[in-house]
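**Q** Below: one structure in structure tokens.
The values are calculated or read from the model by the stated rules, or taken from the named source; none is laboratory data. This is a predicted model, so every value here is computed, not measured. Methodologically, a virtual Cβ is constructed for each residue, glycine included, from the backbone with ideal geometry; neighbour enumeration extends over all protein chains shown.
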Amino acid sequence: MVGLAASACQLLPASPTTRAPTSPAANMGMTLPAYVSVQGPPPDLPGTATGARPAYFRFPTTLVTAVPQAPGKGGDVTALFYVVTGTPPAPLEQNEACQAVNNQVNANLKVVFVSYADYPARLATILAGNDLPDLFCISVLGSLIQGMPDFMERSCADLTPFLAGDAIKAYPNLANLPSSAWPTTVFNNKIFCIPQVDTNTGPDLLGNGKQLTQVGANFDSFTSVDDFSRIAKQLTDPGNHWAIGSNILTCVIKVFRTPNDWRQSGGKLTKDIETEEYRAAVAYLRSLWDAGVIWPDTPAATVNTLAQNFYAGRYTFWPNLFLSYTGAWDGTSAQDRNFDMQALIPFGHDGRR
């Protein structure tokens with residue numbers, strides 16, 4: 001078995017039958033995997049080796065086959081993953097989508113999905129019983145596993161000979177991962193993990209287009225905080241419906257042009273929370289709370305609760321990252337085909353974009 005890890009990654013549990021291919025990387029010491037961009041459909045905005053992903057303004061009309069033949073050999077592959085929002089999908093026997101994936105990869109993927117809240121307990125049980133699946137997901141930045149380097153050495157496969165340096169070129173899709181993704185996969189000077197790389201832009205303020213239309217607004221109706229406050233009050237029906245679910249400070253600080261973590265001026269660094277822009281953003285968020293346009297249960301709500309209430313239309317706006325967009329689309333459209341979920345067009349607090 002094998003296990004993968006990185007800041008949210010998969011682990012490959014170690015197996016006595018795991019053998020590394022002969023490659024220069026196996027004898028030259030550990031170096032991070034090389035970056036080789038996949039030659040796919042030409043993007044409208046090219047990516048970079050430092051982590052910027054290629055961008056497309058529309059779905060490509062000319063597609064490229066990334067893997068010429070099925071990678072699997074017909075055997076079983078066990079895996080454990082979590083679902084952040086929504087409910088876990090149906091088991092393989094009842095899931096036609098997972099069955100179709102298995103046919104295409106020529107492997108019997110036995111994937112167990114659990115909710116994000118239940119994942120730590122499930123993983124702890126598996127580790128205690130030394131019953132590791134072939135693949136599982138952890139965060140090397142968290143504390144799900146104590147003594148991470150020792151755990152990697154003891155229980156997970158050393159991927160260094162397969163992936164370090166130019167060896168990764170045998171796996172072009174992995175070589176397409178940006179160089180910035182790999183440092184967190186290294187423990188004791190060895191690669192034990194495959195990083196999870198997402199286009200993690202945002203957070204954006206996702207919204208219910210149907211509800212906006214009902215008050216004569218749309219996703220481009222906001223040009224200042226005065227506009228936002230006015231429409232938020234129109235969307236709110238105290239006790240029944242609110243304009244906002246969750247803490248939207250991460251969105252509001254962008255509206256007030258707060259520096260991205262740090263500001264450098266004249267050779268001096270200033271943290272974002274020390275700036276006047278940040279203070280103004282916090283004051284404005286407090287004004288929204290005082291106006292009663294934020295769902296009052298927000299402070300105690302879980303991620304899943306916030307998501308489900310947004311899908312159900314209990315409030316109009318909900319902040320989330322771009323990587324959650326597809327899941328949110330599925331969740332909202334399942335509740336209401338006319339939900340029309342989109343992201344709010346960015347605006348400045350003073351009327352300037």
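**Q** Which residue pairs have Cβ atoms closer than 7 Å, lie 6 or more positions apart in sequence or on different chains, and pair a first residue in region 220-231 that is among the acidic types (Asp, Glu) with a second residue that is not in a helix (DSSP H, G or I)?
**A** As it stands, the answer is ASP220/ILE345; ASP227/SER221, since those pairs meet every condition given.
**Q** Just give me the residues in region 203-242 being aliphatic (A, V, I, L, M) and within 25 Å of the chain's Cα centre (by Cα), in sequence order.
**A** Within region 203-242, LEU205, LEU206 meet the criteria.
**Q** Let me ask you something else. Within region 228-239, which residues are modelled with pLDDT of 95 or more and of a type outside the set (Lys, Arg)?
**A** The answer is PHE228, SER229, ILE231, ALA232, GLN234, LEU235, THR236, ASP237.
**Q** Does region 122-141 hold any residues that are of a type outside the set (Phe, Trp, Tyr), in contact with a strand residue (DSSP E or B) (Cβ under 9 Å, 6 or more places away or on another chain) and at pLDDT 85 or above, and which are they?
**A** Correct list: ARG122, LEU123, ILE126, LEU132, PRO133, ASP134, LEU135, CYS137.
**Q** What number goes with the only condition from (1) surrounded by fewer than 20 Cβ atoms within 10 Å (Cβ to Cβ); (2) in a loop (DSSP other than H, G, I, E, B); (3) modelled with pLDDT under 95 that GLN264 does not pass?
**A** Among (1) surrounded by fewer than 20 Cβ atoms within 10 Å (Cβ to Cβ); (2) in a loop (DSSP other than H, G, I, E, B); (3) modelled with pLDDT under 95, the lone unmet condition for GLN264 is (2).
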